[in-house]
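Remarks on the structure that follows.
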Amino acid sequence: MATREPETGWHGEDSDVNHLRGRAFEATCLAATAFGLVSVLLLLLFVANDAFRPFSADAGWLATYAATVLVPLAALAVYYYRLDEPAGEVAYVTSGLPVVGLLLTGGFAVLFIELLSVLEWFALLISLVVAGGLIAAHGRLRPKAALERLAVVLLAPIVTVFGLPPTSFNRFVTDTAAALGLDFGLYYRVISLREAIMMLPFVPTDWVMLLLTLVLPVAGAAGWFVEQRRESRRDGLAVVGLTTAVAVVGVVAGPLLGIGTDVWLLVVTFAVLPLGVYVEGVLRRGEGVRGLAFPVAAVLGVVVGSVVTGALGFAGPDPWLDWGFLTSATSRTAADAGIYPAMVGSVMMIIVIVLTTFPVGVGAAIYLEEYAPSQGLMGKFVTLIEINIGNLAGVPSVVYGLLGLALFIRVLQWPQGSVIVAGLAVGLLILPIVIISAQEAIRSVPDSFRQASYGMGATRWQTIRQVVLPEALPGILTGTILALGRAIGETAPLLMIGAAASVRLAPNSFFDVASMMPRQIFSWSSELDPSFRHGVLAAGVITLLAVLLVMNATAIVIRNRYQRTG
Amino acid sequence: MTENEMTSNESTEPTPSTETAASSPDPSGDPLIDQSIDVEGTDANAGETGKPVIESRDLNVFYGETQALQGIDLAIPEKQVTAMIGPSGCGKSTFLRCINRMNDLIDAARVEGDLYFEGKNVYDADVDPVALRRRIGMVFQHPNPFPKSIYDNVAYGLRIQDQTEDIDDKVETALKRAALWDEVKDQLDKSALDLSGGQQQRLCIARAIAVDPDVILMDEPASALDPIATSKIEDLIEELAEEFTVVIVTHNMQQAARISDKTAVFLTGGELVEFDDTDKIFENPDSQRVEDYITGKFG
């Protein structure tokens, strides 16, 4: 290459390259982003301020907690970020695990308080385990009988959980029993194992049943996990043994400290056990041990802060969103109002949605992606269906509310405003979203995996079951959880199907009339008392957002976890 | 693995190997004399090269309106390496995928004509393509192990075919035959995706031979690999031909010359132009077009 004269100026300011339009475009995009983010952030800050009212506290109270909690934690965070990243990871997990564990504990506590007794839970679980055992035994005894196996898989859970409907044979059995003076009050049907357990004259106490059905299985799973990880049977057994010991000790000692035995068992299962296993692992590896300082500092800070503020007589804030708000029902006075029944209503609605929409949506997605023809007249028909699923995803939610009203309440005569109607109406609303996101996840499984599987002589079912679904599952779960996040905030369908404006009691069954969080927030917005509109409403909104945040965080954790290993 | 010999011996009545497209009675003929006359009759080498296990008769394949294969007549001998070469889009991969009916998976593909595997037309209505593919394994162009552990990849075929007795031994044998055992024996639980490209392809070969098929189809198995990995795969293919019938599609003519016993040359338009012993094809092809292709004048 010949060297050119440097003063030709090809590289300088006077060249023909024009950056001006590009820079202006970049600046406009930045402004749009900043505008959107800042407005949402301001709105959130405004609502959070209303809900927590931090500035109703004494300046001394704020200063004390800033000094004991905020400053040390911020200092630790900076230290981890700059100098010790593994410790930062440990700090993150050890702070997050107890929160998740306590949330799960709360969920199960509400389940046992509102929905089913411990005995019902015990009977249900035992029945399901027996059904699983029957299926496994059949698989062992007759591995080749495919049709028979299908029947066993379908029938075993039904028989153990629900029993058999009235038939002439059952009539004969019941009549014979009645003639012998035995009356089960069951009238011509075979009772299920679940009902039989419920009728036992002698049942173990609640804590024994919880220990058997919740603590031991979870501890066993954790023990198995540890055994696999460390290849040490002793360590696995130690996990099971220690967990059981802590649980039993708590049952004996708990009442002395004022902790309910059931609550203690739940806390041990969901918070103490995972945290213990994780911390022990960190100590053993000796990597990032300093991260443990973070949760310790947080707890110490709160304790010291409360001692200091107590001693100096600083008054804390008077937030609308406090423990009382989360655990009590709505009331005529703003100070007593709470969101508990609406929260239980929302969670039960989500359960209905998960149980109905997830299987239907994923099933439809699998059919459309893996089985449906893509060529010819049928292929065109399938394309038409897919386009319309996309359209359905855009139909306004109030229309789905109307559909729910017409279908479930007018036609099926189910109780107006009940949990099941709300769940099905909102479930229909998110069904197209679930189908589309599941299709997306299934489509993203590389075709080469399917080719490899078919090339090995796998049937279509084996390919879907063993290759496509395991690969697509994280994507399907992520999409579904995000759709559930949309479902929990929907208000219009709840108004249309007549969900209660305010209820004093949480629903105890899926056919009870209930309120849900967005419906409750909506009715607070029209209260005359301004403290409802400003304070209670804000607290409700923050609660709803927190639930949403937890769900979305779960989706993100699932996605990241599987991306790393996949 | 003695079952393999058993299954091949109990194969159906020997089918006459008369349908080779263009064969020469004497491979050592004078190269200067044009011998392009089609000679119908028994292949001169049929006696020593084994009876045909796969035989196509007037096989046509269409993708929608486009014809991808035109009246292919071909007989692939047992326990030998048969290579298929030709320029891109000449239909050699399509032919390979006809053998184990992988073209069924493409909605637009339509197959006319007959293709016999051990004397049975695989396009008969009573043939289950799943059963067919359990006898005919396949290795693809790009290594495509499942995102499972190395062990689970090799065990996949055994599990879906319910051959779960002695599964550990079968996995080990397959990995040894695929010359991969020494490299992975301590990390069978690791994800197959952590292996290098060449190791992944040998894993795919191990996965295909674990279920002890009769035939292994390979669709450009080394085209995505570096030269060292390629030479390992080539050595492996030659060893495999002692126990399996291997049909390999390749772009690489030197590779075909090195490893195959028989070579089929497909040229543009989906025609089978010449099929004969590899030495004959590369030293003294009957067809001028084949000679032009092999010497690099086109394609």
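Among residues belonging to the range A:322-353 that are assigned to a helix (DSSP H, G or I), open to solvent by 40 Å² or more (accessible area, probe 1.4 Å) and not charged (D, E, K, R), point out the one that is nearest to A:THR480 (Cα to Cα).
Among those that are assigned to a helix (DSSP H, G or I), open to solvent by 40 Å² or more (accessible area, probe 1.4 Å) and not charged (D, E, K, R), it is A:ILE351.
How many of the residues in the range B:127-144 are more than 8 Å from chain A (Cβ to nearest Cβ), out of contact with any strand residue (DSSP E or B) (no Cβ under 8 Å at 6 or more places or on another chain) and touching a residue at least 12 places away in the same chain (Cβ under 8 Å)?
So the count comes out to 2.
Can you tell which of B:ASP107, B:ASP124 is open to solvent by 50 Å² or more (accessible area, probe 1.4 Å), at pLDDT below 90 and within 13 Å of another protein chain (Cβ to nearest Cβ)? Lay out the reasoning, then the answer.
On the way: B:ASP124 fails: within 13 Å of another protein chain (Cβ to nearest Cβ).
B:ASP107 is the lone residue from the list that is open to solvent by 50 Å² or more (accessible area, probe 1.4 Å), at pLDDT below 90 and within 13 Å of another protein chain (Cβ to nearest Cβ).
Touching a residue at least 24 places away in the same chain (Cβ under 8 Å) and open to solvent by less than 40 Å² (accessible area, probe 1.4 Å): which single residue out of A:LEU312, A:LEU273 fits that description?
On inspection, the qualifying residue turns out to be A:LEU273.
Please specify each residue of the range A:524-546 satisfying the condition of being over 20 Å from the mean Cα position of the chain (by Cα) and open to solvent by 20 Å² or more (accessible area, probe 1.4 Å). Show your work before the answer.
Filtering the range A:524-546 for residues over 20 Å from the mean Cα position of the chain (by Cα) gives A:524-539.
Matches in the range A:524-546: A:SER525, A:SER526, A:GLU527, A:LEU528, A:ASP529, A:PRO530, A:SER531, A:ARG533, A:HIS534, A:LEU537.
Select from the range B:212-238 the residues that are among the acidic types (Asp, Glu) and in a helix (DSSP H, G or I) and write down the one among them that is least open to solvent (accessible area, probe 1.4 Å).
To start, the set of residues in the range B:212-238 that are among the acidic types (Asp, Glu) comprises B:212, B:214, B:219-220, B:226, B:234-235, B:238.
Still in the running and in a helix (DSSP H, G or I): B:234-235, B:238.
Working: B:GLU234: 12, B:ASP235: 87, B:GLU238: 88 Å².
Applying the filter and picking the extreme gives B:GLU234.
Do we find that A:ILE476 is crowded, with 19+ Cβ neighbours inside 10 Å and within 14 Å of chain B (Cβ to nearest Cβ) in this structure?
Numbers: crowded, with 19+ Cβ neighbours inside 10 Å: yes; within 14 Å of chain B (Cβ to nearest Cβ): no.
No; evaluated as a whole, the condition is false for this residue.
Kindly check whether there is at least one residue in the range A:296-305 that is touching a residue at least 12 places away in the same chain (Cβ under 8 Å) and part of a loop (DSSP other than H, G, I, E, B).
no
Looking at the range A:378-387, can you tell me whether even one residue there is within 14 Å of chain B (Cβ to nearest Cβ), free of Cβ contacts under 8 Å to residues at least 12 places away in the same chain and assigned to a loop (DSSP other than H, G, I, E, B)?
No, there is no match, as no residue in the range A:378-387 is within 14 Å of chain B (Cβ to nearest Cβ), free of Cβ contacts under 8 Å to residues at least 12 places away in the same chain and assigned to a loop (DSSP other than H, G, I, E, B).
What are the residues in the range A:484-522 that are within 23 Å of the chain's Cα centre (by Cα), over 17 Å from A:PRO415 (Cβ atoms) and part of a loop (DSSP other than H, G, I, E, B), if any?
A:GLU490, A:THR491
Which of the residues spanning the range B:238-289 are among the hydrophobic types (A, V, I, L, M, F, W, C) and within 17 Å of B:ILE54 (Cβ to Cβ)?
Within the range B:238-289, the subset among the hydrophobic types (A, V, I, L, M, F, W, C) is B:240-241, B:244, B:246-249, B:253, B:256-257, B:259, B:264-267, B:272-273, B:275, B:281-282.
Selection gives B:LEU240, B:ALA241, B:PHE244, B:VAL246, B:VAL247, B:ILE248, B:VAL249, B:ALA264, B:PHE266, B:LEU272, B:PHE275.
For the range A:418-426, indicate whether the set of residues that are of a type in the set (S, T, N, Q) and surrounded by fewer than 22 Cβ atoms within 10 Å (Cβ to Cβ) is non-empty. I'd like the intermediate steps shown before the answer.
At the first step, the residues of the range A:418-426 found to be of a type in the set (S, T, N, Q) are A:418.
With the extra rule that they be surrounded by fewer than 22 Cβ atoms within 10 Å (Cβ to Cβ), the set shrinks to none.
No, every residue in the range A:418-426 fails to be of a type in the set (S, T, N, Q) and surrounded by fewer than 22 Cβ atoms within 10 Å (Cβ to Cβ).
Just to be sure, is B:ILE76 under 18 Å from the mean Cα position of the chain (by Cα) and of a type outside the set (D, E, K, R)? So that I can check it myself, show each step before the final result.
Numbers: under 18 Å from the mean Cα position of the chain (by Cα): yes; of a type outside the set (D, E, K, R): yes.
Taking the combined requirement at face value, the residue satisfies it.
Which ones in the range B:145-158 are within 10 Å of chain A (Cβ to nearest Cβ) and either over 15 Å from B:ARG133 (Cα atoms) or touching a residue at least 60 places away in the same chain (Cβ under 8 Å) (or both)?
B:PRO145, B:PHE146, B:PRO147, B:LYS148, B:ASP152, B:ASN153
Based on this model, can you work out whether A:PHE449 counts as within 14 Å of another protein chain (Cβ to nearest Cβ), of a type in the set (Phe, Trp, Tyr) and in a helix (DSSP H, G or I)? Don't jump to the end; show me each part of the working.
Numbers: within 14 Å of another protein chain (Cβ to nearest Cβ): yes; of a type in the set (Phe, Trp, Tyr): yes; in a helix (DSSP H, G or I): yes.
Spelling it out, A:PHE449 is indeed within 14 Å of another protein chain (Cβ to nearest Cβ), of a type in the set (Phe, Trp, Tyr) and in a helix (DSSP H, G or I).
I'm told A:GLU370 meets every condition in (1) within 14 Å of chain B (Cβ to nearest Cβ); (2) in contact (Cβ under 8 Å) with a residue 12 or more places away in the chain; (3) loosely packed, with under 15 Cβ neighbours inside 10 Å except one. Can you identify the failing condition by its number?
Going through (1) within 14 Å of chain B (Cβ to nearest Cβ); (2) in contact (Cβ under 8 Å) with a residue 12 or more places away in the chain; (3) loosely packed, with under 15 Cβ neighbours inside 10 Å one by one, A:GLU370 breaks only (3).
Within the range B:187-198, which residues are away from every other protein chain (no Cβ under 14 Å) and open to solvent by 40 Å² or more (accessible area, probe 1.4 Å)?
Of the residues in the range B:187-198, the ones away from every other protein chain (no Cβ under 14 Å) are B:187-188, B:195-196, B:198.
Result: B:GLN187, B:SER196.
The values are calculated or read from the model by the stated rules, or taken from the named source; none is laboratory data. On a predicted model such as this, the values are computed, not experimentally measured, just so you know. Here Cβ is always computed from backbone atoms with ideal geometry, including for glycine, and neighbour counts include all displayed protein chains. Side chains included, ligands, DNA and RNA excluded: accessible areas come from the protein's heavy atoms. Shrake-Rupley method; radii C 1.70, N 1.55, O 1.52, S 1.80 Å.
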